[in-house]
Amino acid sequence: MNKVLATTFLLISVSLFLCHNNNALASGEHDKLCSIQLTDEQSKADAVVILDAEHLEVEKSDKSWLEYRIVKKILRTRRADEGIFSFPDNKYRRVVSIDARAIHPGGDEERLSIKDVPRVPEFRDFVMYSDQQSRLIRFEGTRRGTIIDITIRWKIKHPVFWPPSIFQSHIPILKKTFTLTHKKNLHVRVSALSMTAAPDTTFTPGSDRIRQEWSRTNIDPLEMESMMPPLQQYLPFLLLSMSDVKELGADLDLSAWNGIARWYDGLSRGRMKPGSKTRDILRDLALNGLSERDRARKIYCYVSNSVRYVAIYLGLGGFQPHSAEETAENLYGDCKDQATLLTVLLREAGIEAYPVLVRTRDLGRLPDISPYPGYFNHAITAVVINGEIIYLDPTCSVCSFGVLPSTLQGSDALMVGGSDKSIIQLSHGPGTDNTLRITGSVTLNESGEARVEDKFECAGLFAEIYRSLFSRSSGQPPEERCRRILPGNHPFLNVEEVDLAGRESSAPEMIMDVIYTVPGFMKNKKTVFLDAILHKLSISLPAEEDRVFPIDMGKPKINSYKLDLYLPPSRMVEAIPAPVEISCEHFDYSGIWKITRSSIEFQREFKIKNNIVPVPEIPEIRNLLKKIKKFENCKLLIIDTH
């Protein structure tokens, strides 16, 4: 929805959007910085930030200055991007000065000013859809011991474009400060997340200004861990805003989340008017005689399959959608544009519908955050049918009606209008679980060949995944694509037949029937490993290490599998693995092998319930997953009865 604000939370490795009123390296300061003593742990990093400081000076609601200084020392040259910095530069946050220097061991120096750092488009592949630009500072000669000192200054038109002040990075920071200066009559609100909010506050006698400073020293790097929740949930940062101001022409009340909903409604209301093109679409869809749900489904499928997604950031495009009529004419647009068109078409068809602002799951949920427009980076539509609220994402062409894409499941959202006045958490979709059900049969003949027939029934995120895999635009026949999901990696596996149903989003689920053979699977073997025929559950185990963050086991879902194995008369199974039954707060698992009169039967079901595992519970979960993995990797002892 708004890349400028959303990427502030996402990208901390290239640059930290932080600032301060300092001069660049003065004479003699280089030697002082080179002599700074680092701890053993700090010395192991690729680089270290000696100073990261920012100063936000607010003159009035539509005029403020942000100055940033970063001093970084390169300790190793393994990472090529340690000498690269990217800073946004657009009409609402305009760069007015740059003073950048790289001082190398031996005294060699590179120096850049604003005239040496041209603006470059942030979307180079489709500049016709975007006026977003940035300044890319690149020092080519960085090496061990190089010190980089950058001071950059912005003029910012609106408080909504104030970036968060982030107090941690992927490398150590020796000192980090954030200074805020503003007139006493300006109500600047500062929210602190994952850090202490109390600043040092200074009131100068006879002055009408307030000065506040937040400062931290010797900040350890924030290190990623396998299977952790989104990193942004743990970043310490300050968020600044002003309440009761006009933002982009509409009143913005930040006292409650509903104020943001009313603000977005003010920006988009004039764009949500039907016209001749939208009415033509409804006429061509032939909705007469259909139920309300079927009308909504048909409209959703039209928008999700006919309108091409293009990120558009022209002027106010980061916040304000284009008109529904314009999107209907062009058949392209970003998430706001598609949600606007879908909402207008639904309303014109007599169905209650509202836009919904969403924070995608990869950015993490921040339950303690104060109301802030930049919290959201996506837009969808809510439709109300017989009192039931159904959420629709028209940018997902592979999602069934009423099923949200995996990136939105569990996300925070805000309805613009309707009954919900505060943050809600999105589920996967009413009445539709994320389920993958596989039923299969394997027939082994006397020559040792295995003939396998599998049926895949996919709903929710699994339908999204399999529809994407078998997209008609892939350029590969289904038989070739199918090899990616079949068990094992047998070199002579032969896919004979693939039958696909429900490839379109109009279907509630996707069903796939596959027939394939594995030559020589059991020839001259007594112990048979089942990798080539058994759909084993993919179990990810967290690393055996001390952890700081919880484990995210993925979205709630159900994975079930039933297999019948038919042996030739000359063979029989002598032993089968013992069954496994596990139930805990986070998941349920059951697996069993049975010998029947006609076949050997295998059944398994794995259900993730509560996907976030707190750190104290990780050892127990790791042991349970190991037990499951051992059972899934079982083998059968098959003997010759002759």
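What's the extension gain from S506 to H170 if we count 0.36 nm per residue and subtract their Cα-Cα distance?
Residue separation times 0.36 nm, minus the Cα-Cα distance, leaves 116.6 nm.
For K115, list the lysines whose Cα falls under 23 Å from its own Cα; do not include residues on the same chain fewer than 8 positions away.
Cα-Cα hits under 23 Å: K72, K91, K155, K157.
Provide the FRET efficiency to the nearest 0.05 for the I36-S570 pair, computing r from the beta carbons and using R0 = 60 Å.
The value I calculate is 0.20.
Applying a 10 Å radius around every beta-carbon, put 166-177, 275-286, 442-453, 332-343 in order of their mean neighbour count, most first.
Highest mean packing first, the order is 332-343, 166-177, 442-453, 275-286.
When the dipole is taken about the Cα centre of the range 251-425, and only Lys, Arg (+1) and Asp, Glu (-1) are charged at their Cβ, what size is it in debye, to the nearest 20?
Charge dipole of the range 251-425: 200 debye, to the nearest 20.
Distance in nm between label sites at Q476 and F492, each 7 Å beyond Cα in the beta-carbon direction?
2.3 nm
Full extension from Y234 to K155: what is 0.36 nm times the residue separation minus their Cα-Cα distance, to one decimal in nm?
Taking Y234 through K155 to full extension adds about 25.5 nm, to one decimal.
Given only helices, namely DSSP H runs of n ≥ 4 each adding -39500 (n - 2.57), what is the per-residue ellipticity at 222 nm of the chain, to the nearest 500 deg cm²/dmol?
-4500 deg cm²/dmol
Mean separation of Cα pairs under 8 Å and 6+ residues apart, divided by the residue count of the chain: what relative contact order is that in percent?
The value is 10 percent.
Can you list residues whose amide H is under 5 Å from G520's amide H, if they're 5+ apart or on another chain and H is modeled 1.01 Å from N?
The list, which skips near neighbours in sequence, is E449, A450.
Could you rank the peptides 622-632, 47-57 by their average count of other C-beta atoms within 10 Å per residue, with the highest value first?
The peptides rank, most packed first, as 47-57, 622-632.
Rounded to the nearest 0.05, what FRET efficiency is calculated for V96 and E585 with R0 set to 45 Å and r the Cβ-Cβ distance?
Efficiency for this residue pair is about 0.25.
Any idea how far apart D368 and R111 come out in nm if each label point goes 7 Å out from Cα toward Cβ?
4.5 nm
What is the distance, in nm, between label points placed 7 Å from the Cα along the Cα-to-Cβ direction at V548 and at E605?
Distance between the two pseudo-spin positions: 4.0 nm.
Could you give the length gained by full extension between R597 and E326, i.e. 0.36 nm per residue of separation minus their alpha carbon distance, to one decimal place?
91.0 nm
Can you work out the PRE-style zone for R76? Point 7 Å along Cα to Cβ, and I want the residues of the range 133-149 with backbone N under 16 Å.
Within reach of a label on R76, which here means backbone N under 16 Å from a point 7 Å along Cα→Cβ, the range 133-149 contributes 143-146.
For K609, go through the aspartates and glutamates and keep the ones whose alpha-carbon is under 13 Å away, minus same-chain ones fewer than eight residues off.
D433, D552, E585, D588
If I take R0 = 51 Å and measure r between the Cβ atoms of D208 and V120 in this structure, what FRET efficiency does the formula 1/(1 + (r/R0)^6) give, to the nearest 0.05?
The formula returns an efficiency of 0.80 here.
Coordinate-derived values only; no laboratory data. Keep in mind the model is a prediction, meaning the values are calculated, not measured. So basically every Cβ, Gly included, is an ideal-geometry build from the backbone, and we count neighbours across all protein chains shown.
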